[in-house]
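Following: one structure in structure tokens, then a few remarks.
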Amino acid sequence: MRWIHSVLFWSFFVATSAVLFFVGLVIFLVTWPFDRNGRVLHLFSSAWAQLYLWVNPGWHVQMEGRERLPWHGPAVLVSNHQSLGDILVLYGLYRPFKWVSKASIFKVPFLGWNMYLNRYVGLVRGDKESIARMMAECERWLDRGVPVLLFPEGTRSLDNQLKPFKDGAFRLALSKGCPLIPIVLTGTGDTLPKHGLLLKYRARCKVRVLEPVDPRAFSDVVTLREHVRDLMVREKSRLEA
């Protein structure tokens, strides 16, 4: 039954998060002197996230185009957002980047504390001061050659369709002149629900990293934003066909 599966999963999640947070804390302390951008800790966090896919044998992930993501140098990554499962799946890219995430998640025991250690970027949706701080922090990471990943829809989609995009990611790419790399997800809405904790047994998730877009070819944010959204809508339709 789904509720038994869900209880077992969440119990495992809580128990392992407590242990793995302290492993991450040790990694943070050991690597801080020579890894100020937190690459090692982020890759450990990626493996941590993959653990929860591995223990769900009915969840399958097919990934394409990961080689298009940089190991070094700034880039703005944008992905559509279907469920909490997106986080687990995108960690599987195994590339360095800083998440932009709701500030409230940083308060969650162990998981949020690990996000804090990773120096991911917090955001209070709808708060202009928080948005300004988020943009400034993302700019600092890009200046240090570290990619940032944003969900330009701003929140998870309830109907599996791409919502209108917000400007932030595209302003960053234009202002810094760095590649903007679209990532398209399908099937992740069948993993973890937006509301509630009851999991589904089976999910076939696909991740497609598209070719980088050069923002210097676009004169304004709106044109760049809509071009990238059109690319992602078309690719999502292709993956779901």
Among the candidates E226, E235, E240, E137, single out the residue that is of a type in the set (D, E, K, R) and within 18 Å of the chain's Cα centre (by Cα). E137
Checking D230 against (1) at pLDDT 95 or above; (2) over 26 Å from G168 (Cα atoms), the condition it does not meet: (2)
Restricting to region 53-80, count the residues that are in contact with a strand residue (DSSP E or B) (Cβ under 9 Å, 6 or more places away or on another chain) and either outside any loop (DSSP other than H, G, I, E, B) or open to solvent by 20 Å² or more (accessible area, probe 1.4 Å) (or both). 16
Hits in region 83-98 (condition: among the charged types (D, E, K, R) and within 10 Å of the chain's Cα centre (by Cα)): D86, K98
Just to be sure, is S101 of a type in the set (S, T, N, Q), within 14 Å of the chain's Cα centre (by Cα) and over 29 Å from S175 (Cβ atoms)? no
Might you check whether a residue that is touching a Ser or Thr at 6+ places or on another chain (Cβ under 8 Å), within 30 Å of H60 (Cα to Cα) and small (G, A, S) occurs anywhere in region 149-159? no
May I ask you to list the residues in region 81-132 that are of a type in the set (D, E, K, R) and assigned to a strand (DSSP E or B)? K98, K102
Within region 88-114, tally of residues that are touching a residue at least 40 places away in the same chain (Cβ under 8 Å) and among the aliphatic types (A, V, I, L, M): 6
Quick one: S45 ticks every box in (1) in a helix (DSSP H, G or I); (2) surrounded by fewer than 17 Cβ atoms within 10 Å (Cβ to Cβ) bar one, so which box is it? (2)
Out of F34, F110, F106, sole residue that is on the phi < 0 side of the Ramachandran plot, touching a helix residue (DSSP H, G or I) at 6+ places or on another chain (Cβ under 6 Å) and not polar (S, T, N, Q): F106
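The values are calculated or read from the model by the stated rules, or taken from the named source; none is laboratory data. Values in this document were obtained by computation on a predicted structure and should not be read as measured data. Note that each Cβ is placed from the backbone with ideal geometry, even for glycine, and that neighbours are counted across all protein chains shown. Surface areas here come from the heavy atoms of the whole protein model, side chains and all, with no ligands, DNA or RNA. Shrake-Rupley method; radii C 1.70, N 1.55, O 1.52, S 1.80 Å.
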